[in-house]
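Colleague: I have a structure I would like to understand better, so I am pasting it below and will then ask my questions one at a time.
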Amino acid sequence: MDSRAKELVSIGAKLFSQKQQWDSLCQEIAEHFYPMRSDFTQTFTLGTDFAVDLMESYPVQARETLGNTIGALLRQGDWFAVKTGYDEIDEDPANARWLEYATNHFRRLVYDRRANFVRATNEADHDWVAFGNPVLSVEESPDRMHFLFKTWHPKECAWMVNSVGKIDHNQRNMPMTARNMKMRKAWAGKLHQDILTAAEKDPSQEFKVRHIVLPFEEIYGDDKAKRRQYKDSPFCSLYVDCDHEVVLGEGPLPVFNYVIPRWRTVSSFPQAFSPATINALPDGRMLQSLARILLEQGE
């Protein structure tokens, strides 16, 4: 048992416990506005009828339209450019040429088909519209040849904000099968015997793994050796086996690689809310009730 892993698992357990009511709210919002995402407090099985309890599709269609509008309005054409923020620097001819080159190069990286940017941001747009809180990550591909953008389910993530209101600590649940855990070469020698046994006898058995990104100072502030190892890397990335409280892998991060936009924030809550669905939730409930009454009377 690793004391670091035990401490991080304990912190994560409290964070996920504190957001249970937010998850319950998102579950109700999803049932009315985003049926395909209504698995915050329940589990879908293959063939589940997402909208079995809906009598009227207008709220779902309204959310779908608003979610698709974000990308259509904000990410068309040359919607971003690399700049310093200082006009006197940006307008210098030599600087302008380099900034234009950097913009074009970065655009090619972002819109590389392998990077999955369009798909990830489209999914995040709908989470933002419905729940006010999408979760994305920006990573490098396993072969280190291109960017990789991923969208994660908000229910699997719990985060904290720092003293200036920025998210700098995120814990993400990522259940993994014994087979996939054994295939991770970097984790060799760190897997518990239970996992190795399961990999041979029941490869599909899942274990609770958590990815944690947090400030270096938060976990290794007093470790001089780690300070030398993590030089110029303010963040730390760890994979933890929560079932056996073991750190499976760790490494430095130059930036916080999770992107967690928050629409409407409320003091003392690290999670955000979507005014679009919060304000329309009473209307959504009433519309479904009226549609149910009309259908039952018609029958």
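Colleague: Which one is farthest from LEU238 (Cα to Cα) among residues in the range 157-185 that are open to solvent by 80 Å² or more (accessible area, probe 1.4 Å) and assigned to a helix (DSSP H, G or I)? I'd like the intermediate steps shown before the answer.
Modeller: Taking the range 157-185 and keeping what is open to solvent by 80 Å² or more (accessible area, probe 1.4 Å), we get 163-164, 166, 179, 182-185.
Of the ones still in play, those that are also assigned to a helix (DSSP H, G or I) are 179, 182-183, 185.
Values: ARG179: 20, LYS182: 17, MET183: 18, LYS185: 15 Å.
That would be ARG179.
Colleague: Counting just the residues of the range 70-109 that are among the small types (Gly, Ala, Ser) and under 30 Å from HIS126 (Cβ atoms), which one comes out least open to solvent (accessible area, probe 1.4 Å)?
Modeller: Restricting attention to the range 70-109, the residues satisfying the condition of being among the small types (Gly, Ala, Ser) are 71-72, 77, 81, 85, 94, 96, 102.
The next check asks that each one be under 30 Å from HIS126 (Cβ atoms); those that pass are 71-72, 77, 81.
On the way: GLY71: 14, ALA72: 58, GLY77: 57, ALA81: 61 Å².
Result: GLY71.
Colleague: Could you tell me how many of the residues in the range 185-217 are at pLDDT below 90 and over 21 Å from the mean Cα position of the chain (by Cα)? First the steps, then the outcome.
Modeller: Residues of the range 185-217 at pLDDT below 90: 185-186, 188-189, 216-217.
Remaining after also requiring over 21 Å from the mean Cα position of the chain (by Cα): 185-186, 188-189, 217.
Residues flagged as at pLDDT below 90 and over 21 Å from the mean Cα position of the chain (by Cα) within the range 185-217 amount to 5.
Colleague: Considering only the range 66-87, I want to know if a residue exists there that is over 26 Å from ILE293 (Cβ atoms), at pLDDT 90 or above, in a helix (DSSP H, G or I) and more than 24 Å from the chain's Cα centre (by Cα).
Modeller: Yes, because at least one residue in the range 66-87 is over 26 Å from ILE293 (Cβ atoms), at pLDDT 90 or above, in a helix (DSSP H, G or I) and more than 24 Å from the chain's Cα centre (by Cα).
Colleague: I need every pair where a residue in the range 31-45 that is part of a loop (DSSP other than H, G, I, E, B) has its Cβ under 9 Å from the Cβ of a residue that is crowded, with 21+ Cβ neighbours inside 10 Å and of a type in the set (Gly, Ala, Ser), sequence separation at least 6 or different chains.
Modeller: That search, which allows pairs on different chains as well, returns TYR34/GLY67; TYR34/ALA130; SER38/ALA30; ASP39/ALA30; PHE40/ALA30; PHE44/SER38.
Colleague: Filter the range 13-47 for residues that are β-branched (Val, Ile, Thr) and open to solvent by less than 60 Å² (accessible area, probe 1.4 Å) and give the result.
Modeller: Step one: filter the range 13-47 for residues β-branched (Val, Ile, Thr), giving 29, 41, 43, 45.
Correct list: ILE29 only.
Colleague: Quick check on TYR258: is it closer than 28 Å to ASN180 by Cα, open to solvent by 40 Å² or more (accessible area, probe 1.4 Å), touching a strand residue (DSSP E or B) at 6+ places or on another chain (Cβ under 6 Å) and of a type in the set (Phe, Trp, Tyr)? Give the derivation first.
Modeller: Working: closer than 28 Å to ASN180 by Cα: yes; open to solvent by 40 Å² or more (accessible area, probe 1.4 Å): no; touching a strand residue (DSSP E or B) at 6+ places or on another chain (Cβ under 6 Å): yes; of a type in the set (Phe, Trp, Tyr): yes.
In short, no.
Colleague: Please work out if LEU66 is among the hydrophobic types (A, V, I, L, M, F, W, C), in contact with a Leu (Cβ under 8 Å, 6 or more places away or on another chain) and surrounded by 12 or more Cβ atoms within 10 Å (Cβ to Cβ).
Modeller: Working: among the hydrophobic types (A, V, I, L, M, F, W, C): yes; in contact with a Leu (Cβ under 8 Å, 6 or more places away or on another chain): no; surrounded by 12 or more Cβ atoms within 10 Å (Cβ to Cβ): yes.
Spelling it out, it is not the case that LEU66 is among the hydrophobic types (A, V, I, L, M, F, W, C), in contact with a Leu (Cβ under 8 Å, 6 or more places away or on another chain) and surrounded by 12 or more Cβ atoms within 10 Å (Cβ to Cβ).
Colleague: Looking at the range 2-25, is at least one residue at pLDDT 95 or above, of a type in the set (Asp, Glu) and not in a loop (DSSP other than H, G, I, E, B)?
Modeller: yes
Colleague: Output the residues belonging to the range 150-180 that are in contact with a strand residue (DSSP E or B) (Cβ under 8 Å, 6 or more places away or on another chain) and more than 25 Å from LEU15 (Cα to Cα).
Modeller: Here is the first cut: in the range 150-180, the ones in contact with a strand residue (DSSP E or B) (Cβ under 8 Å, 6 or more places away or on another chain) are 150-154, 156-162, 167-178.
The answer is ALA178, and nothing else.
The values are calculated or read from the model by the stated rules, or taken from the named source; none is laboratory data. Everything quoted here is computed from the prediction, not taken from an experiment. Methodologically, a virtual Cβ is constructed for each residue, glycine included, from the backbone with ideal geometry; neighbour enumeration extends over all protein chains shown. When the accessible area is computed, the model is the full protein with side chains, heavy atoms only, and any ligands, DNA or RNA have been set aside. Shrake-Rupley method; radii C 1.70, N 1.55, O 1.52, S 1.80 Å.
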